[in-house]
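The values are calculated or read from the model by the stated rules, or taken from the named source; none is laboratory data. Being a predicted model, the structure only gives us computed values, none of them experimental. Positions of Cβ are generated from backbone atoms using ideal geometry, with glycine treated the same way; all protein chains shown enter the neighbour counts.
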Amino acid sequence: MVSGPSRRNTPAGGVRARRLPTAVKIVIAGGFGVGKTTMVGTVSETQPLRTEELLTDRGVGVDDVEGVERKDTTTVAMDFGRITMRDEYVLYLFGTPGQKRFWFMWDEVALGALGAVVLADTRRLSDCFPSVDYFERRKTPFVVAVNCFEGAKRYDLAEIQMALNLGPRVPVMLCDARRLDSCKEVLIDLVLHAMKYRGLSEEAQPQNA
Amino acid sequence: MMPPDGPSPDFWAEDPPRPPAPPEPDAAERWLDEGAGPMVRPYVMTSGRTEPSRGTFDLITLVVAVGVEPDTTIGLGPEHLAIIRLCQTVMSVAEITGHLDLPVATVRVMLGDLLDKGFVSLQEPEPEADMHDIRIYKAVIDGLRAL
């Protein structure tokens with residue numbers, strides 16, 4: 001914790017320091033148009049906000065900018081929402097742009113994340129490969145949630161697990177990003193999985209994950 | 001008698017009507033023209049600086065304003081003051097950038113200034129190495145169930 005110089009006191013003499021809550025985050029990843037923003041909006045207690053990062057020198061080596069150096073700075077937008085958990089914790093959900101060239105941004109979002117939800121669409125399953133790759137490599141606990149779009153063919157979860165070449169311990173589930181109870185279930189399953197992944201569930205949670 | 005080269009009443013009549021007054025900004029903090037985008041390039045607001053003088057400011061670092069409301073005479077720009085106004089309630093770095101429609105890097109520099117001057121207090125998130133505090137997981141599960 002870093003705080004401003006404590007000499008700045010209120011007239012009453014005490015520092016007007018409230019006990020600040022601790023923020024935790026969950027990443028919602030997946031391909032373009034798979035429902036990341038929808039999911040963030042469904043569970044967020046506030047209107048989802050958008051944060052923008054300028055893709056400048058940090059994109060070098062990630063984006064090939066040869067020949068377009070004079071091009072205007074690219075902006076990458078990320079939607080996020082917030083859920084207040086009693087007084088001590090605030091949960092933020094970040095919907096990250098799925099493309100591989102935004103990995104510089106993923107690093108920042110994934111660092112210190114409780115875990116990640118990879119949203120998948122069975123019509124374009126390969127769109128979520130980069131996200132799966134990324135979290136596997138980074139050893140961030142994640143679950144795969146298949147967003148059930150109308151008109152999409154329903155697959156068996158085991159088939160999807162196989163198609164994504166996931167380890168047997170990565171949970172795969174169906175969801176509807178528009179429905180709160182469905183998103184809640186996905187997020188709770190993720191947190192339980194993250195606990196297990198980090199070896200925390202034995203004494204604290206019944207083995208229902 | 002009208003002076004010969006003075007503007008005739010007709011001249012004035014042809015004057016285009018005044019454009020309607022711009023709509024009142026919905027919030028006092030709204031100092032950007034939505035349509036035109038920011039009027040000042042981000043690096044101007046930070047005097048060309050790209051790194052904050054202090055602190056790292058994760059996207060979910062929580063910020064709250066402390067102490068007295070500053071006046072404008074102490075080297076703070078309108079963006080600094082906008083941040084202080086926003087942070088009367090606890091707010092994450094990401095939320096500040098979202099509300100002010102500014103890039104993250106710009107907000108970080110300005111937060112460094114405010115931290116230097118003692119106008120804000122921070123709560124950094126748990127570092128990744130400390131993700132083994134079971135209370136966090138329990139609180140998040142309870143919070144999600146209560147949604």
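Pairs are defined by a Cβ separation below 8 Å, a sequence spacing of at least 6 or placement on different chains, a first member in region B:56-70 that is facing chain A (nearest Cβ under 7 Å), and a second member that is surrounded by fewer than 22 Cβ atoms within 10 Å (Cβ to Cβ) and of a type in the set (Lys, Arg); the pairs so defined are B:64/A:18; B:66/A:8; B:66/A:16; B:67/A:8; B:67/A:16. Report yes if residue A:190 is exposed (fewer than 15 other Cβ atoms within 10 Å of the Cβ), at pLDDT 90 or above and within 27 Å of residue B:142 (Cα to Cα), otherwise no. Taking the combined requirement at face value, the residue does not satisfy it.
Which of the residues belonging to region A:80-98 are within 17 Å of residue A:117 (Cβ to Cβ) and at the interface with chain B (Cβ under 9 Å from one of its Cβ atoms)? Scanning region A:80-98 gives A:80, A:82, A:83, A:91, A:92, A:94. Summed over region B:113-147, the residues that are facing chain A (nearest Cβ under 7 Å), hydrophobic (A, V, I, L, M, F, W, C) and more than 19 Å from residue A:85 (Cα to Cα) give a count of 3. Inside region A:100-137, residues that are touching a strand residue (DSSP E or B) at 6+ places or on another chain (Cβ under 9 Å), part of a helix (DSSP H, G or I) and either in contact (Cβ under 8 Å) with a residue 60 or more places away in the chain or over 14 Å from residue A:35 (Cα atoms) (or both) make up a count of 16. Region B:47-147 holds helices (runs of 4 or more DSSP H) entirely within its bounds, and those carrying 3 or more residues that are within 20 Å of residue A:89 (Cβ to Cβ) map to B:93-100, B:134-145. Inspection of region A:50-58 finds no residue satisfying the criterion of being more than 8 Å from every other protein chain (Cβ to nearest Cβ), assigned to a helix (DSSP H, G or I) and at pLDDT 80 or above. Which of the residues that make up region B:88-106 are more than 7 Å from chain A (Cβ to nearest Cβ) and free of Cβ contacts under 8 Å to residues at least 40 places away in the same chain? Matches in region B:88-106: B:88, B:89, B:91, B:93, B:96.
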